[in-house]
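Presented below is the structure to which this report refers.
The values are calculated or read from the model by the stated rules, or taken from the named source; none is laboratory data. The structure presented is a predicted model; accordingly, all values stated were derived computationally and were not measured. Neighbour counts run over all protein chains shown; Cβ positions are idealised from the backbone, glycine included.
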């Protein structure tokens with residue numbers, strides 16, 4: 001029996017007393033502690049209030065600390081007197097002495113973390129201290145330094161980063177989502193059945209999910225209460241510690257060894273959740289994987305929004321500990337894609353996350369790869385793809401929003417990756433296997449087997465995205481110079497790149513015509529062909545806008561792109577094509593439809609002027625014939641697809657609806673005007689001079705900034721001046737984001 005207290009009641013064991021739980025007073029271990037497997041700490045202290053405070057090092061979870069630098073907490077204002085934040089009391093007061101001790105600890109923490117800057121280039125303040133033969137991203141301490149504890153600016157360690165209990169508790173809640181890890185894995189499998197991402201393919205996803213599954217099994221075993229709060233808090237703190245440390249590796253590090261270290265970190269967990277969120281955007285609501293065995297149905301839209309929120313929290317954890325790693329860069333790429341799908345490509349959050357991505361690319365030195373013996377071969381290849389993806393996303397969003405890009409070609413050493421898949425690259429852990437891999441590459445850099453690989457897609461983006469940057473400079477620069485000459489040079493360079501592609505990367509319309517199914521390679525080449533045409537579309541848009549030349553070619557390109565987009569709907573019976581159809585509608589077809597709709601409206605006004613004017617010389621001449629019936633038919637079909645394909649929950653639904661209203665208003669006006677046109681005149685306006693379609697390349701396009709309201713489309717004077725002004729202000733030649741992930 002335990003000793004009795006002064007009030008005559010039996011004493012409780014220490015765990016039950018601290019937790020304020022009822023104890024059965026059994027000895028040597030109470031029943032509650034035996035059930036919770038806490039026999040080691042189940043003790044009966046005769047005078048518990050007289051025992052010394054436990055050492056901090058023995059506690060698996062730190063106590064809550066005051067947020068010394070924050071003014072506002074998550075719940076309320078941390079201090080009601082903000083004046084005390086900067087007013088220092090007299091030195092002889094006890095408050096001053098306690099604050100002085102706190103300041104010493106804070107200063108020590110600042111000194112430990114102030115130099116976590118990452119990559120420093122040749123113009124930096126630290127460049128004179130670097131050895132010329134060493135990589136600037138290595139941790140180098142100047143020789144002969146008498147102080148062994150000096151931390152160099154390149155050191156990326158985050159030791160000493162403070163994490164409070166609020167963050168650890170929030171992390172434990174996120175870890176509770178791992179109960180559904182098998183569901184997430186199933187969603188990922190469906191995603192890779194619907195597409196073949198060239199940056200983060202199936203092999204890389206398996207390498208991430210393997211350690212995550214082992215991690216889940218570890219923290220869910222050893223206790224009957226699998227969701228024990230104490231255990232989850234301890235694991236959350238451990239993951240914070242991992243994220244606050246660098247990933248140690250060398251040239252001989254294998255793929256499994258690397259991901260065993262890199263996976264139990266918040267940035268890698270965020271990467272996994274972004275994959276889950278993106279997967280939900282690619283499958284229908286009634287997909288079988290969204291139905292669980294117990295009859296529960298998964299709401300994919302709620303799951304996607306939850307993944308967006310959870311990833312934001314994980315990235316905030318990384319920011320609080322100053323994390324700087326390759327998995328964090330991967331997570332930022334995928335989160336940019338997820339935000340674009342959830343909130344729209346033109347949403348500010350997408351643009352802001354792109355800024356974080358470009359910052360991380362520069363901080364890690366990925367933009368300036370050096371011969372570093374500590375980086376494994378497989379990671380070099382991943383970094384090359386990551387740089388190309390980041391560079392491409394930057395140009396895509398910059399064109400969409402009409403803003404200067406963050407990553408300039410002259411500052412990025414973009415190296416072509418090997419034209420191979422990860423399945424071939426990852427096993428090559430030694431030089432002998434790496435040399436054998438190079439035997440599969442021809443002298444032109446493409447694989448000798450003539451097949452489409454993830455490396456092929458990356459190399460294509462590396463070739464054509466710099467062309468987009470040149471087009472962007474012509475469109476946005478206030479000092480364009482000789483626009484016509486620069487456009488001609490860019491056009492020729494673009495054409496030559498397309499002609500130099502190997503035969504297995506050439507696209508032909510016969511690969512799509514009349515088919516209801518399509519392979520991944522053909523699908524990619526079809527979208528690449530549309531992007532090629534879109535590049536020329538934007539070039540001609542700049543030419544027409546700046547010089548007034550090339551309008552006929554500009555209209556022909558718009559017709560060709562719109563016809564090609566409608567052609568892709570021939571294979572719309574394939575479920576996986578819904579994602580690409582939405583993309584093609586909003587960012588390839590809509591700008592061309594806008595250009596053609598405006599041309600129809602102008603020609604309709606011209607015909608009205610001819611009928612109402614007594615002097616035929618007063619009406620402006622039409623420069624060239626126009627296939628009016630074909631354009632009206634294609635616009636009508638396009639509007640129908642635009643209405644039926646996009647869901648109201650899509651991030652770009654608003655843009656699509658505004659474009660739909662504009663196109664339908666133009667069609668309503670010109671078709672209502674046709675009722676008054678004699679049949680002979682209508683036949684004259686439908687004379688078609690069908691020029692041969694041009695053959696070229698692009699990334700994607702969509703409408704730019706839209707007016708908040710659409711004006712009245714019908715005016716009594718017959719000229720529709722207000723609507724023409726509104727339609728003219730729409731920049732139909734902008735573009736949008738992410739045909740890859």
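In the set (1) under 13 Å from the mean Cα position of the chain (by Cα); (2) in a loop (DSSP other than H, G, I, E, B), residue 368 fails one condition alone, (1). Does residue 229 count as over 21 Å from residue 310 (Cα atoms) and surrounded by fewer than 16 Cβ atoms within 10 Å (Cβ to Cβ)? Here the answer is no, as residue 229 does not meet what is asked. Can you spot a residue in the stretch 533-555 that is under 20 Å from residue 632 (Cβ atoms) and either buried (at least 21 other Cβ atoms within 10 Å of the Cβ) or without any contact (Cβ under 8 Å) to a residue 60 or more places away in the chain (or both)? Yes, there is a match, as at least one residue in the stretch 533-555 is under 20 Å from residue 632 (Cβ atoms) and either buried (at least 21 other Cβ atoms within 10 Å of the Cβ) or without any contact (Cβ under 8 Å) to a residue 60 or more places away in the chain (or both).
How many residues, within the stretch 6-20, are part of a loop (DSSP other than H, G, I, E, B) and either exposed (fewer than 13 other Cβ atoms within 10 Å of the Cβ) or touching a strand residue (DSSP E or B) at 6+ places or on another chain (Cβ under 6 Å) (or both)?
5
Screening the stretch 21-43 for residues that are in contact (Cβ under 8 Å) with a residue 24 or more places away in the chain and in a loop (DSSP other than H, G, I, E, B) and picking the one that is surrounded by the most Cβ atoms within 10 Å (Cβ to Cβ) gives 42.
Would you call residue 279 under 24 Å from residue 330 (Cβ atoms), at pLDDT 95 or above and either in a helix (DSSP H, G or I) or assigned by TED's automatic domain parsing to the domain that holds residue 372 (or both)?
Against the criterion (under 24 Å from residue 330 (Cβ atoms), at pLDDT 95 or above and either in a helix (DSSP H, G or I) or assigned by TED's automatic domain parsing to the domain that holds residue 372 (or both)), residue 279 does not qualify.
Helices (runs of 4 or more DSSP H) fully within the stretch 391-485 that include at least 1 residues being assigned by TED's automatic domain parsing to the domain that holds residue 348 and closer than 30 Å to residue 347 by Cβ: 454-476. All but one of (1) buried (at least 24 other Cβ atoms within 10 Å of the Cβ); (2) modelled with pLDDT of 95 or more; (3) within 19 Å of residue 236 (Cα to Cα) hold for residue 323; state the number of the condition that does not hold. Looking at each condition in turn, residue 323 falls short on (2). For the stretch 599-646, the candidate set comprises residues that are buried (at least 16 other Cβ atoms within 10 Å of the Cβ) and not in a helix (DSSP H, G or I); within that set, the residue that is modelled with the highest pLDDT is 627.
Residue under question is residue 518, and the condition is that it be in contact with a helix residue (DSSP H, G or I) (Cβ under 6 Å, 6 or more places away or on another chain), modelled with pLDDT under 75 and crowded, with 17+ Cβ neighbours inside 10 Å; does it hold? Yes, satisfied. Candidates are the residues of the stretch 306-320 that are under 15 Å from the mean Cα position of the chain (by Cα) and surrounded by fewer than 17 Cβ atoms within 10 Å (Cβ to Cβ); the one that is nearest to residue 241 (Cα to Cα) is 312.
Among the residues here, residue 503 does not qualify as touching a helix residue (DSSP H, G or I) at 6+ places or on another chain (Cβ under 7 Å), surrounded by fewer than 16 Cβ atoms within 10 Å (Cβ to Cβ) and in contact (Cβ under 8 Å) with a residue 12 or more places away in the chain. Here 271, 290 are screened, and the one residue that is assigned by TED's automatic domain parsing to the domain that holds residue 315, surrounded by 18 or more Cβ atoms within 10 Å (Cβ to Cβ) and touching a strand residue (DSSP E or B) at 6+ places or on another chain (Cβ under 8 Å) is 290.
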